[in-house]
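Encoded as structure tokens, the structure appears first; notes follow it.
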Amino acid sequence: MKDAPLYLRPRVDPPLASLLQDASFLHALCDALGSPLNVLLPEVVAENAERFRSVYRRHHLAGRVYFAHKANRSSALVRRLAACDPAAVGIDVASLDELRHALGCGFTGERVMATGPKDRDFLWLAARVGATVNLDSAGELDRLAHLVRRYGLGRVDVLVRLSEFEADAGHTGAGTRVLSRRSRFGTPVGRSADVWRALERHADVVELTGLAYHLDTTALEEKARALERCVLLMDECRGRGLRPRAVDIGGGFGVGYVADAGEWERWTTALSEAVLGVRPSLAWRGHGYGLRNEGGTVRGTAALYPAHRSVAGPGYLDALLSRPAPVLGRPPATLLLEHLNDLYVEPGRALVDQCGLSLARVLDVRPTGDDPTRHLVRLGMNAGDVSLEEHGVLVDPVLLPRAGGGDGRHDEPPGGGPVGVHLVGNLCLEADLITRRVVYLPRLPRAGDLLAFVNTAGYAMDFHAHHAQRQPVARTVAVTRGEGAWRWCPDEDYWPLTDPQGVPS
């Protein structure tokens, strides 16, 4: 008996849902600009920023939402955010070129947070334009202070990023010490005294405006512990004569990619069964996504993003601020208010949720050699163009048939129902797989059809894009809805104005 299709159908919200329904417009875009093609909706990023700001208002908190620029290199998205309330929305840049891009898109220096590894040029420009510098170590602070003094720059606002937060033994309930997971970013809390001394040494050129952390975890308790510890350390800093006023909790708020929780549960259960050999493999050549069979027992950890998330983005921030902190027992939002602290967040993926899609033209469809019920679908893109699986994200593409059939170069008939396919890229590499797993489509695609990979604006569009075999790298367009029709322009030509003459709304 043939196994039932295992779908992982995408969550699609308005206006992205409306765009997907206009298949003729998307086909016209690909005809004009080629495959692959990234399509962005700049207005959605502003709406997402407002959703985060609504959580601030609910908890009566002040502070900024900083977009983590590394999530997408788009100009349209950055320009649209630059047009938002300057007091409410900023940008987090992690390289010199990102900083230059943000400034060129309309952000002023005081709205910029400089994070990530920083070379001399990056530090100099950040200090020169008045950006807040998020420091990883006392050594980085020393280098910044040297540049400020040498070139006569103004006093720089800095944050200190901390890591390896440890709960006090008396508060864990079992007399044990709980340590957050290790990170190669930030100064361990146990060595924070080195940074405090460096801040005192350089008080003439830098001013501590707050403490920061970024934890690579979805665990609310671990993040609440770190936030609470930062609030308490801020009081310690004030006792040393420093004047911090903000806690930066980084990103990691998450996105829900798969619409149906049941589909996600069925697929992950089937993955374990396939690894054990009790059902056919779900992926190319038995790939187990980190799971393996050891003597009839599933071992390992699935390297998968939790693609269905009932609480994500602004909802996750709300849950974090509402959850009682482990030591003082009060919600972090209450602690921030009591200590007169602002809140900074740095969402990347969550701020561009539902902001775009990636299109790929179907080039060829043929049966696989070992299973006549499976087909290889070769696309006009490669694995570097849409790196969903690189980030452990599993979600089905949406099939957009070409009106009137294929492109005339092939005569394969459409399938008569759901079909499992392997999606492969356009490089001469066995490893160029768009998806390792079997993807179920409503029918067998034909050459000339499009596959739309939904919700790729966060890290999946261009984080790993490369140029190999002189294959085209995906161009990016911004689309807006007006007067009953979709309009488009190259990403670099988008500005947040309502008409081509530049008359603002």
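The values are calculated or read from the model by the stated rules, or taken from the named source; none is laboratory data. Since the model is a prediction, treat every value here as computed from it, not as a measurement. All Cβ positions, glycine included, derive from the backbone under ideal geometry; neighbour counts span all protein chains shown. SASA here: full protein model, heavy atoms, side chains in, ligands and nucleic acids out. Shrake-Rupley method; radii C 1.70, N 1.55, O 1.52, S 1.80 Å.
Counting heavy atoms of the protein chains only and a 1.4 Å probe, report the per residue accessible area for region 1-142 as a whole number of Å².
On the way: 5360 Å² over 142 residues.
So region 1-142 comes to 38 Å² accessible per residue, rounded to a whole number.
Modelled label-to-label distance, R191 and S322, 7 Å Cα→beta-carbon offset: nm?
So the two model labels end up 3.9 nm from each other.
Under 5 Å between amide hydrogens, which residues at least 5 positions from S163 or on another chain qualify, with H placed 1.01 Å from N in the peptide plane?
HN-HN under 5 Å from S163: T187, V189.
Can you work out the Karplus-derived ³J(HN,Hα) for every residue in region 120-136? Use 6.51 cos²θ - 1.76 cosθ + 1.60 with θ = phi - 60°, whole Hz, and x for glycine or proline.
For region 120-136, the Karplus-derived couplings read 4, 5, 4, 4, 5, 5, 4, 5, 5, 8, x, 6, 7, 9, 8, 8, 8 Hz, x marking Gly and Pro.
Where only protein heavy atoms count, and the probe is 1.4 Å, what is the accessible area per residue for region 322-397 in Å²?
In whole numbers, region 322-397 has 32 Å² accessible per residue.
Percent of accessible area on the chain owned by carbon and sulfur, 1.4 Å probe?
After summing per-atom areas, the C and S share lands at 50 percent.
Along the Cα-to-Cβ line of A403, 7 Å from the Cα, sits a label point; which residues in region 423-446 have backbone N less than 19 Å from it?
446
How many nm separate the modelled label positions at R238 and S310, each set 7 Å beyond the Cα in the direction of the Cβ?
Rounded to a tenth, the inter-label distance reads 3.9 nm.
Would you pull out the residues with amide H under 5 Å of R475's amide H, same chain only if 5 or more places away, H placed 1.01 Å from N?
Residues meeting the amide H criterion: N38.
Percent antiparallel among DSSP beta bridges with both residues in the chain, to the nearest 5?
Working: 35 of 70 bridges.
That works out to approximately 50 percent antiparallel.
Give the peptides 348-355, 423-430 in descending order of average Cβ contacts within 10 Å, highest first.
348-355, 423-430
Select one label from (i) 24.6; (ii) 25.7; (iii) 23.7: the one whose number is Kirkwood radius over Cα pairs in Å as derived from the coordinates shown.
Answer label, from the structure shown: (i).
Under the 0.36 nm per residue contour assumption, what length would be gained going from the current alpha-carbon distance of E221 and L497 to full extension?
95.1 nm
Whole-Hz Karplus ³J(HN,Hα) for region 305-312, in order, using 6.51 cos²θ - 1.76 cosθ + 1.60 and θ = phi - 60°, x for Gly and Pro?
So the J values, rounded to whole Hz, are 6, x, 5, 9, 10, 6, 10, 7.
Quote the FRET efficiency, to the nearest 0.05, computed for A83 versus H464 with a Förster distance R0 of 30 Å and r equal to the Cβ-Cβ distance.
After rounding to 0.05, the efficiency reads 0.55.
Post the alpha-carbon centroid distance, region 75-113 to region 297-330, in whole angstrom.
28
From Cα pairs below 8 angstrom and at least 6 apart in sequence, can you work out the relative contact order of region 1-144, rounded to a whole percent?
Reported relative contact order: 15 percent.
So who's got an amide H within less than 5 Å of the one on L497, skipping anything under 5 residues away but keeping other chains? H placed 1.01 Å off N, in plane.
none
Using a basic spin-label model with each label point 7 Å from the Cα along Cα→Cβ, how many nm lie between H60 and R150?
Result: 4.8 nm between the two label points.
Taking 0.36 nm per residue of separation and subtracting the Cα-Cα distance, what length does fully extending D121 through D204 add? Don't skip to the answer; put the middle values down first.
Working: separation 83, 0.36 × 83 = 29.88 nm, distance 2.14 nm.
The D121-D204 span can extend by a further 27.7 nm.
Add -39500 (n - 2.57) for each DSSP H run of 4 or more in the chain, then divide by its residues: what number comes out at 222 nm, to the nearest 500 deg cm²/dmol?
-8000 deg cm²/dmol
Counting residues in region 322-393 as N, plug N into 2.2 N^0.38 Å and put the Cα Rg over that result.
2.10
Sort L33, L337 by heavy-atom solvent-accessible area, probe 1.4 angstrom, most to least. Write out the running numbers ahead of the final one.
Values: L33 30, L337 75 Å².
Highest to lowest solvent-accessible surface, that is L337, L33.
In whole Hz and in residue order, list the ³J(HN,Hα) couplings for region 236-248 that follow from phi through the Karplus curve 6.51 cos²θ - 1.76 cosθ + 1.60, θ = phi - 60°; x for Gly and Pro.
Once rounded to whole Hz, the list reads 4, 5, 5, x, 9, x, 7, 10, x, 9, 9, 10, 9.
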